[in-house]
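The structure under discussion appears below in the form of structure tokens.
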Amino acid sequence: MGHRIPRFTSAGVAEAEVSVHPFTTEDELGLTLTRFRRGGQDGGDGHDDVVLLVHGLTSSSDMFIMPEQVNLVRFLHGNGFGDVWALDFRMSNRFPYNVETRRDTLDDIACFDFPAALRELRRHTGARRVHVIAHCLGSVSFHMSLFGGVIDGIASLVANSVGLTPRVHGWARLKLMLGPELLEYGLGLPYLDPRFRDAPPLTRRWLLARAVSLAHPECREAACHMQSFMWGSGRPAMYRHRNLRRETHVHGRLADLNGACSLHYYRHVRKMVAAGRVVRFDAGDPRHAALPRDYLARAAEIDTPILYLTGDHNDVFTDSNVACHRLLSRISPGRHELRIIPGYGHIDPLIGGNAHLDVFPHILDFLKRTSSG
């Protein structure tokens, strides 16, 4: 049967010096950065640059330090980037914010989380160059900060699955259209959680999880079924089963890595999908006045090279990164790159058991070509 992997464990980076750096956003949320340094050295093997890792909605920094495999932090440490930071922002399942009735949007993250995180990071690293690897809605919101002009000085960006042009399958579009209102007002559920199957029998959460599992005969993990219901369209939707190690797919591990999700974020994604590009949720909200109405207005001025990464079986954000690369290549020819990974989906390019062989070398090559080392 194997053993359950402890939640929020740092066993996957046992050889690193780990330090946690709390900080506060302008809208008064407490967030954290975690620094992983190999041997206490700043730059490792000739690279003085810093790498910042950004998770997606419902996940956390844990997706980058999984002990069951060669994780991204260990891979970077072993290949010359010895100073790696991971951000847990308001979407992180390490915080309670996703299950509170906060009504946060990606505008809040773009406007408040990333500027504060980079200020805290640079307080420790000074003028050293910062590379960012971002996933899913962490990537979308980071694009909003970067192209919106509220952050700058990013040496390079690796964007997994989606960037400025969110696109989804038809079934996912229907779920976005109807789901938030039906679930929130019809069932009284302000959030979705892969752990709903563990709720008391016959409760609304338990019944929803059982109903979802009936439509997903591909495996026996209820958390896997709920994640497919929460994101995308497929059996499963977020990854290819064969790309995950068995330890990742059992004993509740998937729910540890990808937890509960506030329904209000879906409304912002819905608005972006309808527009065909990132837009503000409420253009008249004065709290987000620093963000532009058109994120492409300054696209030609953004000199940060971006590697758009996606699996060729991305059943969450389909060909979003292909479309984004095509769009930006017309604006800034030759500045950005695209890598389509055969046999991979949405999140498995970063959490797959063989990602260190199939995917991470593409990231490393890009980092080396855009670094000062």
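Applying a threshold of 7 Å to beta carbon distances and a minimum spacing of six or more residues, or different chains, the list of pairs starting in region 14-32 at a residue that is without any contact (Cβ under 8 Å) to a residue 40 or more places away in the chain and ending at one that is not in a strand (DSSP E or B) reads 17/40; 18/10. Beta carbons closer than 7 Å, at least 6 apart along the sequence or on distinct chains, pair a first residue in region 329-346 that is closer than 20 Å to residue 318 by Cβ with a second that is surrounded by fewer than 19 Cβ atoms within 10 Å (Cβ to Cβ) and of a type in the set (Gly, Ala, Ser) for 336/329. When each of 105, 125, 101 is tested for being touching a residue at least 40 places away in the same chain (Cβ under 8 Å) and touching a Pro at 6+ places or on another chain (Cβ under 6 Å), the lone residue that passes is 101.
Per-residue answers, yes or no, for (1) assigned to a helix (DSSP H, G or I); (2) over 30 Å from residue 286 (Cβ atoms):
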residue	(1), (2)
4	no, yes
9	no, yes
53	no, yes
63	yes, yes
67	no, yes
76	yes, yes
84	no, yes
92	no, no
112	yes, no
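From the list 304, 310, the lone residue that is touching a residue at least 12 places away in the same chain (Cβ under 8 Å), assigned to a strand (DSSP E or B) and over 26 Å from residue 191 (Cβ atoms) is 310. Restricting to region 208-223, and then to whatever is in contact (Cβ under 8 Å) with a residue 24 or more places away in the chain and either outside any helix (DSSP H, G or I) or in contact with a Cys (Cβ under 7 Å, 6 or more places away or on another chain) (or both), can you tell me which residue is surrounded by the fewest Cβ atoms within 10 Å (Cβ to Cβ)? Out of the qualifying residues, it is 219.
Does residue 267 satisfy being outside the structural domain of residue 189 (by TED's automatic domain parsing), under 30 Å from residue 144 (Cα atoms) and either surrounded by fewer than 21 Cβ atoms within 10 Å (Cβ to Cβ) or under 20 Å from the mean Cα position of the chain (by Cα) (or both)? Yes, satisfied. Considering (1) among the charged types (D, E, K, R); (2) crowded, with 20+ Cβ neighbours inside 10 Å; (3) over 22 Å from residue 273 (Cα atoms), the lone condition that residue 301 does not fulfil carries the number (2).
For residue 265, the stated conditions do not hold, so it cannot be described as under 26 Å from residue 92 (Cα atoms), touching a Leu at 6+ places or on another chain (Cβ under 8 Å), part of a loop (DSSP other than H, G, I, E, B) and touching a residue at least 60 places away in the same chain (Cβ under 8 Å).
With respect to residue 240, determine if the residue is basic (Lys, Arg) and surrounded by fewer than 18 Cβ atoms within 10 Å (Cβ to Cβ). When the stated conditions are applied, residue 240 passes them.
Yes/no matrix, rows are residues, columns are (1) at pLDDT 95 or above; (2) within 17 Å of the chain's Cα centre (by Cα); (3) buried (at least 24 other Cβ atoms within 10 Å of the Cβ); (4) under 27 Å from residue 290 (Cβ atoms):
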residue: 135; (1), (2), (3), (4): yes, yes, yes, yes
residue: 142; (1), (2), (3), (4): yes, yes, yes, yes
residue: 151; (1), (2), (3), (4): yes, no, no, yes
residue: 157; (1), (2), (3), (4): yes, yes, yes, yes
residue: 165; (1), (2), (3), (4): yes, yes, yes, yes
residue: 171; (1), (2), (3), (4): yes, no, no, no
residue: 174; (1), (2), (3), (4): yes, no, no, no
residue: 200; (1), (2), (3), (4): yes, no, no, no
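Which pairs have Cβ atoms under 9 Å, sit 6 or more apart or on different chains, and link a residue in region 268-285 that is over 17 Å from residue 324 (Cβ atoms) to one that is basic (Lys, Arg) and surrounded by fewer than 20 Cβ atoms within 10 Å (Cβ to Cβ)? From residues that are over 17 Å from residue 324 (Cβ atoms), the pairs are 270/173; 280/271; 280/293; 281/267; 281/271; 283/293.
For region 114-133, filtered to residues that are outside any helix (DSSP H, G or I) and under 15 Å from the mean Cα position of the chain (by Cα), the residue that is farthest from residue 156 (Cα to Cα) is 133. Under the condition of being at pLDDT 95 or above and either under 21 Å from residue 80 (Cα atoms) or in the same structural domain as residue 245 (by TED's automatic domain parsing) (or both), the residues counted in region 341-373 number 20.
Residue 205 satisfies every condition listed in (1) within 23 Å of residue 102 (Cα to Cα); (2) in a helix (DSSP H, G or I); (3) in contact (Cβ under 8 Å) with a residue 60 or more places away in the chain; (4) among the charged types (D, E, K, R) except (3). Residue-level check: of (1) over 19 Å from residue 58 (Cα atoms); (2) assigned by TED's automatic domain parsing to the domain that holds residue 110; (3) in contact (Cβ under 8 Å) with a residue 12 or more places away in the chain; (4) not hydroxyl-bearing (Ser, Thr, Tyr), residue 177 misses just (2). Exactly one residue out of 327, 338, 296 is at pLDDT below 95, within 13 Å of residue 163 (Cα to Cα) and surrounded by fewer than 23 Cβ atoms within 10 Å (Cβ to Cβ), and it is 296.
The values are calculated or read from the model by the stated rules, or taken from the named source; none is laboratory data. Everything quoted here is computed from the prediction, not taken from an experiment. Cβ atoms come from the backbone with ideal geometry, glycine included; neighbour counts cover every protein chain shown.
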